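Reviewing the structure listed below.
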Amino acid sequence: MTPKQQYGFYIDSSKCTGCKTCQMSCKDNKDLGIDRNFRRVYEYVGGNWTEKDGAFRQNVFAYYLSISCNHCTHPACTKVCPSGAMHKREEDGLVVVDESVCIGCKSCHMACPYGAPQYSEEKGHMTKCDGCFERVAEA
């Protein structure tokens with residue numbers, strides 16, 4: 001199936017300060033508990049300070065990477081889903097899980113290289129970023 005269009009996320013990493021507001025906004029919108037993050041912000045830091053002739057110089061760096069489901073062109077999670085609950089939407093290319101069909105086998109989680117599908121103990125099935133397709137439809 002080739003979607004009519006392919007939605008995705010664009011994050012300008014040169015402007016990201018690692019504040020995790022995107023992560024908190026996602027958690028708030030999806031009413032996610034403490035143990036679940038559909039969007040994750042990773043921090044990479046390094047370098048050090050050196051002293052030479054009484055002056056300190058630095059080569060310290062930090063950058064951040066905001067990651068969620070990549071809504072892949074050919075998603076591995078949809079290929080292994082035995083119930084068909086994990087599927088790619090034709091209208092926008094977003095990969096979503098039909099929670100009423102999901103059997104909670106966790107095959108999608110094991111297949112996804114990004115760890116996007118997450119099992120919900122309280123719901124008894126998989127959950128994941130759905131690209132906020134309902135909010136996109138309102139726009």
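The values are calculated or read from the model by the stated rules, or taken from the named source; none is laboratory data. Treat the numbers as computed from the prediction; the structure is a model and nothing was measured. In this analysis, Cβ positions are derived from the backbone assuming ideal geometry, glycine residues included, and neighbour counts consider all displayed protein chains.
From the list Tyr64, Tyr42, exactly one residue is over 12 Å from the mean Cα position of the chain (by Cα), closer than 30 Å to Gly18 by Cβ and part of a strand (DSSP E or B). Which is it? Outline the logic, then answer.
Details: Tyr42 fails: over 12 Å from the mean Cα position of the chain (by Cα).
From the options Tyr64, Tyr42, the qualifying one is Tyr64.
Within the stretch 106-130, residues that are modelled with pLDDT of 95 or more and of a type in the set (A, V, I, L, M) reach partners that are part of a loop (DSSP other than H, G, I, E, B) and crowded, with 20+ Cβ neighbours inside 10 Å with beta carbons closer than 8 Å, at six or more positions or on different chains, in the pairs Ala116/Phe38; Ala116/Ser68; Ala116/Cys69; Ala116/Lys128; Ala116/Cys129; Met126/Ala85; Met126/Cys102; Met126/Pro117. Condition (residue is modelled with pLDDT of 95 or more, within 16 Å of the chain's Cα centre (by Cα) and assigned to a loop (DSSP other than H, G, I, E, B)) applied to the stretch 1-12: is it met by at least one residue? Taking every residue of the stretch 1-12 in turn, none turns out to be modelled with pLDDT of 95 or more, within 16 Å of the chain's Cα centre (by Cα) and assigned to a loop (DSSP other than H, G, I, E, B).
Scanning the stretch 93-139 for residues that are in a strand (DSSP E or B) and aromatic (Phe, Trp, Tyr) returns a single hit, Tyr119.
Taking the criterion of being free of Cβ contacts under 8 Å to residues at least 40 places away in the same chain and either over 15 Å from His71 (Cα atoms) or of a type in the set (Asp, Glu) (or both), the residues of the stretch 1-15 that qualify are Asp12, Ser14, Lys15. In the stretch 67-97, of all residues being β-branched (Val, Ile, Thr) and at pLDDT 95 or above, the one that is farthest from Cys22 (Cα to Cα) corresponds to Val80.
The set of residues in the stretch 56-103 that are over 21 Å from Val41 (Cβ atoms), among the hydrophobic types (A, V, I, L, M, F, W, C) and free of Cβ contacts under 8 Å to residues at least 24 places away in the same chain comprises Phe56, Val101, Ile103.
For Gly18, state whether it is touching a residue at least 40 places away in the same chain (Cβ under 8 Å), under 20 Å from Cys112 (Cα atoms) and either touching a helix residue (DSSP H, G or I) at 6+ places or on another chain (Cβ under 7 Å) or not in a strand (DSSP E or B) (or both). Even if it seems obvious, please write down each step before you answer.
Details: touching a residue at least 40 places away in the same chain (Cβ under 8 Å): yes; under 20 Å from Cys112 (Cα atoms): no; either touching a helix residue (DSSP H, G or I) at 6+ places or on another chain (Cβ under 7 Å) or not in a strand (DSSP E or B) (or both): yes.
Against the criterion (touching a residue at least 40 places away in the same chain (Cβ under 8 Å), under 20 Å from Cys112 (Cα atoms) and either touching a helix residue (DSSP H, G or I) at 6+ places or on another chain (Cβ under 7 Å) or not in a strand (DSSP E or B) (or both)), Gly18 does not qualify.
Here the stretch 118-132 is the region considered, the condition is being in contact with a Lys or Arg (Cβ under 9 Å, 6 or more places away or on another chain) and surrounded by fewer than 21 Cβ atoms within 10 Å (Cβ to Cβ), and the residue that is nearest to Leu94 (Cα to Cα) is Asp130.
In the condition set (1) loosely packed, with under 11 Cβ neighbours inside 10 Å; (2) within 15 Å of the chain's Cα centre (by Cα), His71 is compliant with all but (1). Just one of the numbered conditions (1) surrounded by 15 or more Cβ atoms within 10 Å (Cβ to Cβ); (2) under 14 Å from Gly8 (Cα atoms) is not true of Cys81: (2).
Within the set Tyr63, Tyr7, Tyr42, the sole residue that is surrounded by 10 or more Cβ atoms within 10 Å (Cβ to Cβ), at negative phi, of a type outside the set (Gly, Ala, Ser) and touching a Cys at 6+ places or on another chain (Cβ under 9 Å) turns out to be Tyr63.
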